[in-house]
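Heads up: the structure comes next, in structure tokens.
Nothing in this text is a laboratory measurement; each read-out follows from the coordinates by a stated rule. The shown structure was predicted, so the numbers you read here are calculated from the model rather than taken from an experiment. A quick note on method: Cβ atoms are made from the backbone with ideal geometry, for glycine too, and the neighbour counts reach across all protein chains shown.
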Amino acid sequence: MNVKITFKPSGRRVRVGQGTTLLQAARKAGVYIPTRCDGKAACLMCKVYISPEWAAFAGRPNDAEQRKLGPLLEEGIRLSCQARAQGDVEATIPEDRLKAAIRRQLERQAMDDELW
């Protein structure tokens, strides 16, 4: 059975077989999710956010994911290399920290320019 994965904020969608990891689905869709460990739940770089309405469709967290993420699981954070699509699901890829810092700095600068 195929399932549809939607990646936010890009809105890219892909159909994959049920049980495919979100990381594998992202690669198939051409969506970049950073990772160093190639899907072994070691680097913790491939975090995605799954909202409560989609959580059941991302599969149950395995032992490795529970150990690595702990209370972050309750906030909807999952490792894309471990979360396996059980149905249509939507995953949000967090903004890269460096890009976020640059964006915030540019927004502050723009606000300062408006005041003058």
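How do the pairs read when you match residues in the range 81-106 that are more than 24 Å from Ala64 (Cβ to Cβ) with residues anywhere that are assigned to a strand (DSSP E or B) and among the basic types (Lys, Arg), using Cβ under 8 Å and keeping only pairs 6 or more apart or on different chains?
Every condition considered, the pairs that remain are Asp88/Lys4.
In the range 19-51, what residues are among the polar types (S, T, N, Q) and surrounded by fewer than 14 Cβ atoms within 10 Å (Cβ to Cβ)? Before the answer, list the steps.
Taking the range 19-51 first, the residues among the polar types (S, T, N, Q) are 20-21, 24, 35, 51.
Matches in the range 19-51: Ser51 only.
Enumerate the helices (runs of 4 or more DSSP H) found wholly within the range 19-116, keeping only those where 1 or more residues are farther than 21 Å from Phe7 by Cα and over 14 Å from the mean Cα position of the chain (by Cα). Reasoning before the result, please.
Values: elements: 22-29, 63-69, 97-115.
Here the list reads 63-69, 97-115.
Of all residues in the range 1-11, which are buried (at least 16 other Cβ atoms within 10 Å of the Cβ) and of a type outside the set (A, V, I, L, M)? Don't jump to the end; show me each part of the working.
Taking the range 1-11 first, the residues buried (at least 16 other Cβ atoms within 10 Å of the Cβ) are 3, 5-7.
The answer is Thr6, Phe7.
This table checks each residue for (1) out of contact with any Gly (no Cβ under 9 Å at 6 or more places or on another chain); (2) over 21 Å from Arg97 (Cβ atoms); (3) without any contact (Cβ under 8 Å) to a residue 24 or more places away in the chain.
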residue	(1), (2), (3)
Phe7	yes, no, no
Gly17	yes, yes, yes
Thr21	no, yes, no
Gln24	no, yes, yes
Thr35	yes, no, no
Ala41	yes, no, no
Gly59	no, yes, no
Gly76	yes, no, no
